[in-house]
Amino acid sequence: MQEEKKLNGHAKPVRVWCDGCYDMVHFGHANSLRQAKALGDYLVVGIHTDEEISKHKGPPVFNEQERYKMVRAIKWVDEVVEGAPYVTSLETLDKHGCDFCVHGDDITMTADGVDTYHKVKTANRYREVQRTAGVSTTDLVGRMLLLTRNHFRQGQYEYSVDSGHSSSMGQDSSARSPWTGCSQFLPTTRKLIQFSDGRSPLPTDRVVYVAGAFDLFHVGHLDFLEKARELGDFLIVGLHTDPVVNRYKGSNYPIMNLHERVLSVLACRYVSEVVIGAPYSVTKDLMDHFKVHIVAHGSTPVAPDEDGRDPFLYPKEIGKFVTLDSGNSMTTEKIVERIIRNRLEYEARNVKKEKKEMDLINAMEAQKNNSCKGDVLKISA
Ligand code: CTP
Ligand code: C5P
């Protein structure tokens, strides 16, 4: 009985395989891994090398070591296979003892336009989960390029300043793929529940509190949260609202809105709970309410609150504040700089990816009109 419960009701543990680029890991990736894990008991994620991604898709924003680390920290992942091949073969599934492969309901192709899952689909060892609408690496790159609007107001990246986070990259909407050229993300309470642990701290738990923007959740954040979690048993992350982040970061920050940042942080295995729209200053009220033992912040600079005061003044005064060195120098601004530095390459990558998808969609449409049916099993979230 106990054993059966542990195995999600399966007679023997079902091992699930997922693979991908997982570049600039976002909550869309996390949501696909969450759904994949729910189809079995043990989740193995294969991640492609930088070389493979550059060949088939264009240069990744994050290098392979960064991407491996980010995926390992997603709470539904049991194991990461480094350097997984771009085309998923039955040999790969067998080598890692996986029963089937899971992918989102978009179609991924090699540089030669071959469906990367054709082998596992033919062998009926393929399952589909619902892709999360409203977020993609391609879209996030587009949002970052928007930050440079005053410098690059030419070509296809014409847009309205007010488009904000509507994910519009200003391209002709008729040429946008419904997969990558996604519409707006619509946060729901169901999604929050699916991402949360839903557990309260035990009376004996040592509660750690950290706060910040956590925009474009990255390896620097991850290293910081890992260290923060080591300070106690229950880690609460306070996320500031978009206007608060914009007050101290300026420009078009944050790149991801509050709802998106909440899900990215909740997917991290070190995080127990998130405060949605935490006050900028850590007050006595807040510390009493969450029974916080210790407040931590990384070694990045801290902007004063609107009244000019240190937002960590109270925990410092009562001796409950610690500065942690994450040992990682990555910042959200550095990611944006990477993108802007390689702007032309990323623009070309985005256009190429969407064009490939649009060509495929048009071909599928034509096939449908000839009353041919697809044979792929589709499972909704
Ligand atoms: N995925 C998803 N929802 C998204 C984005 C990705 O479910 N919004 C899924 C993909 O369907 C795939 C997995 O995440 O199963 C890994 O995707 P990846 O190989 O990184 O590539 P892309 O789908 O191209 O991701 P992106 O569009 O973000 O570049
Ligand atoms: O800048 P942001 O508010 O997103 O940072 C959230 C937390 O992560 C802060 O405590 C910050 O100091 C920490 N951090 C870190 N190392 C990094 C990036 C952020 O310790 N490289």
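Observations on the structure shown:
- Segment 187-250 versus segment 323-364: alpha-carbon centroid distance in Å: 25
- A simple spin-label model places the labels of Asp325 and Asp106 4.0 nm from each other, with each point 7 Å out along Cα-to-Cβ.
- Potential lengthening of the chain between Lys352 and Ser299 amounts to 15.1 nm, from the contour at 0.36 nm per residue minus the alpha-carbon distance.
- Fully extending the segment from Lys55 to Leu90 would add 10.4 nm, taking 0.36 nm per residue of separation and subtracting the current Cα-Cα distance.
- When peptides 285-294, 30-39 are sorted by average Cβ neighbour count within 10 Å, with the highest value leading, the order is 30-39, 285-294.
- Segments 225-236, 51-62 sorted - mean Cβ within 10 Å per residue, highest first: 225-236, 51-62
- Residues whose amide H comes within less than 5 Å of that of Val80, counting only those at least five positions distant or on another chain, are Val45 (H built at 1.01 Å from N in the peptide plane).
- Peptides 247-256, 323-332 ranked from most to least packed by the mean count of surrounding Cβ atoms within 10 Å: 247-256, 323-332.
- Stretch gain in nm, segment Ala366-Lys75, where the contour uses 0.36 nm per residue and the Cα spacing is subtracted: 100.7 nm
- Distance from the alpha carbon centroid of segment 262-276 to that of segment 37-62 works out to 22 angstrom.
- Virtual spin-label span in nm between Asn63 and Ala11, 7 Å along Cα→Cβ: 4.8
- Positive-end residue of Tyr86, His29, Gln65, charge dipole of segment 24-146 with Cβ unit charges: His29
- For segment 198-249, convex hull volume per residue from C-alpha positions, Å³: 97
Every number in this text was worked out from the coordinates using simple rules, so none of it is lab data. Predicted model only: the values in this text are computed from it and were never measured. We place every Cβ from the backbone using ideal geometry, glycine too, and count neighbours over all the protein chains shown.
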